[in-house]
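The values are calculated or read from the model by the stated rules, or taken from the named source; none is laboratory data. What you are looking at is a predicted structure, and each value in this text was computed from that prediction instead of being measured. Cβ sites come from the backbone with ideal geometry, for glycine too, and all protein chains shown count toward neighbours.
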Amino acid sequence: MATDTPQHSQQWHSATELPQHVFATLRQFDRIANPIVVVATVDPDGSPRTAPFGSLRAITPRVMRFACDRRHTTFANLIRDGRVTFALLAPANIAVSIRGRARVVKEQMSVAHTDAIVEIAVEEVKNNAISGVEYAIQSGVTVAYPGPVAELVERYIAEVEEA
């Protein structure tokens, strides 16, 4: 596996930790539920399972965390088989897959009693950008919450970051 240090989004293939521009995108300080990532886990029959999440945060270039409802299939899959991959598509030209191993670091959140905090040890970051083609990712998927919900989301994300 190549472990290039990226100079530009199309000039690297894979790394063993989050490149700086990916880390910065997942380490936002505004504590909103963005960017939305697609989480892939493995069902008991070996089938892939995906779900969108907005609570993924980079803690260090090798550690990420997100919150997950303990009643969710994603959580059951992570408990049974810790393998996980996140797909991130975001400006400016970030198109990556982040593969790692999951472990629960907090069984029950204070803000959302049915949710747990899951920590991911990053194993590989793969650049999925179109090599040799000039393009610009103009938007990823983001969400906006109204007043009181936005305040709850801020507390939720803060708990994920501080776990």
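Computed quantities for the displayed model
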item: Region 1-57, subset closer than 18 Å to Ala92 by Cβ and charged (D, E, K, R), residue modelled with the highest pLDDT; result: Arg27
item: Yes/no for Val38 being among the aliphatic types (A, V, I, L, M) and buried (at least 16 other Cβ atoms within 10 Å of the Cβ); result: no
item: Which listed residue is assigned to a helix (DSSP H, G or I) and in contact (Cβ under 8 Å) with a residue 60 or more places away in the chain, from Glu161, Glu151, Glu124; result: Glu161
item: Some residue of region 120-128 being polar (S, T, N, Q), surrounded by 20 or more Cβ atoms within 10 Å (Cβ to Cβ) and at pLDDT 90 or above; result: yes
item: Arg27 vs. criteria under 12 Å from the mean Cα position of the chain (by Cα) and of a type in the set (Lys, Arg); result: yes
item: Any chance Arg80 is out of contact with any helix residue (DSSP H, G or I) (no Cβ under 7 Å at 6 or more places or on another chain) and over 23 Å from Ile32 (Cβ atoms); result: yes
item: Test: residue in region 88-98 that is in a loop (DSSP other than H, G, I, E, B) and in contact with a Ser or Thr (Cβ under 6 Å, 6 or more places away or on another chain); result: yes
item: Options Ala102, Ala92; residue that is of a type outside the set (S, T, N, Q), more than 13 Å from the chain's Cα centre (by Cα) and at negative phi; result: Ala92
item: Residue in region 81-116 that is surrounded by the most Cβ atoms within 10 Å (Cβ to Cβ), counting only those that are acidic (Asp, Glu) and closer than 25 Å to Arg155 by Cα; result: Asp115
item: Members of region 30-58 found to be more than 12 Å from the chain's Cα centre (by Cα), more than 19 Å from Arg70 (Cβ to Cβ) and assigned to a loop (DSSP other than H, G, I, E, B), listed by number; result: Asp30, Arg31, Ile32, Asp45, Gly46, Ser47
item: Contacts under 6 angstrom Cβ, first residue in region 99-112 being in contact (Cβ under 8 Å) with a residue 12 or more places away in the chain and within 30 Å of Asn128 (Cα to Cα), partner surrounded by 14 or more Cβ atoms within 10 Å (Cβ to Cβ) and among the hydroxyl-bearing types (Ser, Thr, Tyr), 6 or more apart; result: Arg99/Thr85
